[in-house]
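Working notes, beginning with the structure itself.
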Amino acid sequence: FLYGSSLFSEEDRFLRANDRAFNLSYKYADNSIKTSKYNFITFLPLNLFEQLQRLANVYFCFLMVLQLIPAVSSLSWFTTAVPLTLVLGITAVKDASDDINRHKSDRQVNNRKTDPYLLLVFYFQADLLLLSSSEPLNLVYVETAELDGETNLKVRQALTVTGELGDSIEALASFNGEVRCEPPNNRLDKFKGTLIYREQSYSLDNDKMLLRGCTLRNTEWCFGLVIFGGADTKLMQNSGKSIFKRTSVDHLMNILVLCIFGFLACMCTVMAIGNAIWESREGYSFQVFLPYEAGINAQLSSFLSFWSYVIVLNTVVPISLYVSVEIIRLGNSFFIDWDRKMYYPKSDTPAQARTTTLNEELGQIKYIFSDKTGTLTQNIMTFNKCSINGRNYGTLEAQAFFRLLALCHTVMSEEKSPGDLYYQAQSPDEGALVTAARNFGFVFLSRTPETITVVEMGRHITYELIAVLDFNNVRKRMSVIVRDPEGKITLFCKGADTIIYERLHPSCDKLMKITTQHLNEYAGDGLRTLVLAYKELDEDYLEKWRQRHHEASISMDEREERLDELYEEIEKDLMLIGASAVEDKLQDGVPQTIEQLAKADIKIWVLTGDKQETAENIGYSCNMLREEMKDIFIVAANTPEGVKQENALRKMCPDAPAVPVVNKSRAGLLWMQTAQKVPDDKVDGHYGLIINGHSLAYALEKDLRLEFLRTACMCQTVICCRVTPLQKAQVVQLVKKYKQAVTLAIGDGANDVSMIKAAHIGVGISGQEGMQAVLSSDFSFAQFRYLQRLLLVHGRWSYLRMSKFLCYFFYKNFSFTFMQFWYAFFCGFSAQLCLDTHYWTAVNQFFVWGSLAAYFAISFTMYSNGMFLIFTSAFPFIGELVFSVSLCKIDFFKLYIIPPRNAPTSWRRLWTFCHQPSHQPLLLSSAEPPPRTVVLFRCHSTILAEQDSQSSFILESGTAQLCLSYLL
């Protein structure tokens, strides 16, 4: 293992096997990890420091200090200390609980025992270079569920030169290979390095690495060399903090608190001026029996009065607001987790609120960005149709077609019982194609890193596997180079039609036109298509190419670029074989869900990598594209000028301004940020827009992106096809930046992660493509149709609950504060109280925590399925009727947009709730009390200085009862 701690920035990592002194000289990180934030000594100061980042907490600490000054405060210190300690304590307990769990996890991971030489373990504890294994050809099988959520087995293979070490401890202990590789990073799918051993250089890539978090499967033992340990491992490099998403309510609360501070300062200034006026006009009448203390005059009394009223009127600042909001959000997230109508029994997958801070944002969604495959469809592929050499089936051509399907893939086979083959594919497409080849007599049996064994029409044939040119989102194709038993060398390639067509031999033009017609027919049926091609290679050329490939693969500089050039070189002048088509059916309820979301004035954009015809057909199947639409525009130009010419803006809105209007405004806590918004252009009717990846690349450029945004936002439905993961994120960010609307992205695969993270709210579908989308999401469930319930039920209710709570909360605080404010006119602005401090502290805590407890108890009983699951027989009706969308007798979906978005938390509504308490306490002061009572009120502040505590408590209690009677 490596020792020390990483203290410097690396450009390349150097290490030598079995040479501790050499490795220690670089001070690499050891293999311990630390995810906890605190320890026993640092918890209190660090946690308090973090909590004091909130402006309200700092204010109340300052307030408590003021209350310790007798000349300023008329309140006991505990009136602020008790609620402040409660708020800080609850947050500290939560933080401590989370950190204790992190400490336990760290201890469990760090104390796993592993032999420093023989890594005979199920879970790898560091990032290793595989040296040898028990399997033939030094293979190991690993599961990467902890890294990317995928449970299918993946194969890793050691270099042949290190595989010769076997399980000999003596040979391994004498191994002195040197490794030069990339520095620690978070790229799970890439590794670049070189092994120097016996004066020879060998290329190292991700297929030779065993990453921390992987699980060893179907392998008896393996040996490895530690490359990265502890915090340097790729797993830990990916465990950094996620992007913190904040809701519009969070931003509103921060601004409100800041405005309240300003309002408090104004009230205190009024009180200080009033005190100065009262002391100069009336104060001399009381100096006979209440003279000023030494050094005190009217001016100083006014100054002290200002700070006294900062204390007395402190209730206007909501000390418990943040804690109360978090408790409400937590309760609302439980409602999502408990909803039986969002539970998918086939996969035993319930809905999950993976974050508790975004619930109310679900009620304000304006744009939805959705993947297609696996999100709208089932992602269960079935081989449906194929085109071979321009016709249905041939003889030799058909054999070449299915031979390619049996050889060009990364599928792993497992024979669970004699004759029972089970295929583990990294994608459903590959599994469907290999299964189709087996059904037509070309059975893929097994593979090693150097061979592929198949059964072709009853004959066992073993092909030598020379090279695998992997698929990625940029190449959009995959190739294998094999040599058959007769020595014939062939490159088989499959990929997207647009990619393969660019690399075909000119002699294939006629066949390409026929195949394109077939592809259009398949796409019209909603099928996913691939084009298949091959190329025969010359032995001499291949040897030269392999030599250059080896040189590029061991290069540490621009390795990927050099390899891409070699791939481009050999994957040209291909001969077209045909095309395949697999079917991916829609999920249940998708068309109905999209139709109902559209009724709620939510616009849906589909961002998919499928070809245009397939995406268009799915659009009609999902009710996104409808015949009653006025027009559906297609943008497929390959130049910026062409994209600009195909812009349908003028057709939809002839009166739209030629230059996009960008409205700029100030935003942020102190209005230090600049917000830009492109207003919506009014259109008559519904339109649709389809744009392909080439055109989208130009449309997202600086000169055209605003025009594209205006055009797309005029349409009810937008479908972007042939897009990359980066383009998905760019589209989401464009809408976020210039529309200032709440966005939601939903997907199921790793290619959707960037889009999910870019949106305000990310939703992951737990489907057939692993769990990467779910792990990066804020909410997750198993079927797209549950999105309707998440937004129209849970989202709307969470938003309305939070809005009503905020209005009530500020009304409560302002009611008591204005009671004190108006009472100042009866006590000579002397900062005396009209309510007993013990009484108000108890009432405030009771109303805050008691009302929250009662609210959630009633809501849990009436509206959730939690009670149904606990007392099934006693309450069979709970959670069904009142919590159902389909049984509502009113137009439920329009309730999502009525009242208008943000209306429950608009400044006008909040001003109403804050304004009402300003005059309601005047009912008390406007009453005509007996003269003796008036004297008590006016003299209250002075009499308290001479009376004992018992009489003052009686007077205050009477005042409190009178005030509350008017308010209630």
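Each reported figure results from applying straightforward, stated rules to the coordinates on display, with no laboratory input. Computed from a prediction, not measured in an experiment: that's the story for all the values here. Cβ sites come from the backbone with ideal geometry, for glycine too, and all protein chains shown count toward neighbours.
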Could you pull out the trypsin sites (Lys or Arg not before Pro) across the stretch 697-745 that fall in loop regions by DSSP (anything but H, G, I, E, B) with no more than 13 other Cβ atoms inside 10 Å?
Lys702
Report ³J(HN,Hα) in whole Hz for each residue of the stretch 718-732, in order, from the Karplus equation J = 6.51 cos²θ - 1.76 cosθ + 1.60 where θ = phi - 60°; Gly and Pro get x.
10, 10, 9, 10, 6, 9, 8, x, 5, 5, 4, 5, 5, 5, 4
Using the Karplus curve 6.51 cos²θ - 1.76 cosθ + 1.60 with θ = phi - 60°, what ³J(HN,Hα) values do you get for each residue of the stretch 571-588, in whole Hz, with x for Gly and Pro?
9, 9, 6, 6, 9, 6, 9, x, 8, 10, 9, 10, 9, 10, 6, 5, 6, 5
Reachable lysines from Lys812, criterion Cα separation under 30 angstrom, eight or more residues apart if same chain:
Lys94, Lys245, Lys804
Kindly rank 301-312, 400-411 from highest to lowest mean number of other beta carbons found within 10 Å of each residue.
400-411, 301-312
For 126-132, 693-699, ranked highest to lowest by mean beta-carbon neighbours within 10 Å, the order is 126-132, 693-699
Would you kindly derive the ³J(HN,Hα) couplings of the stretch 779-794 from the backbone phi angles with the Karplus curve 6.51 cos²θ - 1.76 cosθ + 1.60 (θ = phi - 60°), listing them in order in whole Hz, with x for Gly and Pro?
9, 8, 7, 9, 9, 4, 4, 6, 5, 4, 6, 4, 8, 6, 9, 5
Rough spin-label spacing in nm, given labels placed 7 Å along Cα→Cβ, for Tyr808 and Thr639
6.5
Once amide H atoms are placed 1.01 Å from N in the peptide plane, what residues at a sequence separation of 5 or more from Arg785, or on another chain, have their amide H within under 5 Å of its amide H?
none
Would you mind classifying the stretch 391-518 by shape? Square roots of the alpha carbon gyration tensor eigenvalues, ordered a ≥ b ≥ c; an a/c under 1.5 is rounded, otherwise it is prolate if a/b is larger than b/c and oblate if not.
prolate
For 822-832, 654-664, ranked highest to lowest by mean beta-carbon neighbours within 10 Å, the order is 822-832, 654-664
DSSP loop chymotrypsin sites (Phe, Trp or Tyr not before Pro) in the stretch 569-663 with at most 14 other Cβ atoms within 10 Å of their Cβ, which ones?
none
Pairs beyond 28 Å (Cα-Cα), from Lys682/Lys737; Lys510/Lys644; Lys651/Lys677; Lys372/Lys757; Lys366/Lys630; Lys599/Lys651
Lys510/Lys644
So, in Å, what gap is there between the alpha-carbon centers of the stretch 315-331 and the stretch 188-217?
51
Amide H proximity to Leu204 below 5 Å, modelled H, separation 5+ or other chain, gives Gly193, Thr194, Leu195
